Amino acid sequence: MASIKQSLTISLLALSVLTGSFVSFSNSVIAGEVLVDNRCRRNSRLPNSEGALVNYQSEFKTYFQSYWLSAARYQDGAYILCLSKPDFKEPKPLNASQLQNQFIRKIVKASNSNTVFVVTVAEGNGSRVPLTEYHLNLSNPNQPKVTRMRKK
């Protein structure tokens, strides 16, 4: 009888340790999600229908200053592009009307420049819609330059 109690105790202890590990892992994954409002301010209290979830972020440097380019997706699939200093300090929407509230498919940092990105925009929320690539130059973050490259 004592061995059954010991086995049961050991099993429950192991199960509680595993459950505790799972819960803390789940919390760390959830804590990593960043929700922003329409002014690019971090706000975890917003309902999902009003906020945008950051799913792209890249750091770049210009004029000896570090910045983050972030892209946050609304529930309808449109994106808001945000510019901030690291850790979402001094956030603001990127001053690039051609790219704001568009269906962004991909953002890639150019391999030959720290401040240039290629942004692929879909002309709708479907799967077979025309795509347009834009060249986004953030060498002057306060005056970004957006150039249409090509339509696919």
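Tell me the label-point distance for the pair Arg105, Arg41, using the 7 Å Cα-to-Cβ offset, in nm and rounded to one decimal.
A separation of 3.6 nm, rounded to one decimal place.
Once you place label points 7 Å from the Cα toward the Cβ at Arg148 and Asn95, how far apart are they in nm?
Going by the 7 Å Cα→Cβ label model, 2.3 nm.
Can you tell which of Leu94, Ile80, Ser111 lies farthest toward the positive end of the dipole of the stretch 34-148, using +1 and -1 charges on the Cβ of basic and acidic side chains (Lys, Arg; Asp, Glu)?
Ser111
Calculate the radius of gyration of the Cα atoms of the stretch 34-148 to one decimal place, then report Dmax, the largest Cα-Cα distance, as a whole number, both in Å.
Using the Cα atoms of the stretch 34-148, the pair Rg, Dmax is 13.6, 42 Å.
With a 1.4 Å probe and all protein chains left in place, how much of the accessible area of the stretch 50-141 comes from carbon and sulfur atoms, in whole percent?
46
Going through the cross-link list Lys85/Lys109; Lys85/Lys151; Lys92/Lys152, which pairs have a Cα-Cα distance over 28 Å in this structure?
Details: Lys85/Lys109 18 Å; Lys85/Lys151 32 Å; Lys92/Lys152 30 Å.
Pairs exceeding 28 Å: Lys85/Lys151; Lys92/Lys152.
Separation between the Asn48 and Glu123 pseudo-spin-labels, each 7 Å from Cα along Cα→Cβ, expressed in nm?
Spacing of the two 7 Å Cα→Cβ label points: 3.2 nm.
Place a +1 charge on the Cβ of each Lys and Arg in the stretch 22-147 and a -1 charge on the Cβ of each Asp and Glu, then give the dipole magnitude about the Cα centre in debye, rounded to the nearest 20. Numbers along the way, then the final one.
Values: 14 positive and 9 negative charges, 39 e Å.
Using Cβ point charges on Lys, Arg, Asp and Glu, the stretch 22-147 gives about 180 debye.
When only Cα pairs under 8 Å and 6 or more residues apart are kept, what is the percent relative contact order across the stretch 34-148?
Relative contact order of the stretch 34-148: 17 percent.
To the nearest 0.05, what FRET efficiency results for Asn137 and Gln75 with a Förster distance of 30 Å applied to their C-beta separation?
0.50
The values are calculated or read from the model by the stated rules, or taken from the named source; none is laboratory data. Since the model is a prediction, treat every value here as computed from it, not as a measurement. For neighbour counting, all protein chains shown are included, and Cβ atoms are generated from backbone atoms with ideal geometry for every residue, glycine included. Keep in mind that these areas ignore ligands, DNA and RNA; they rest on the heavy atoms of the full protein, side chains included. Shrake-Rupley method; radii C 1.70, N 1.55, O 1.52, S 1.80 Å.
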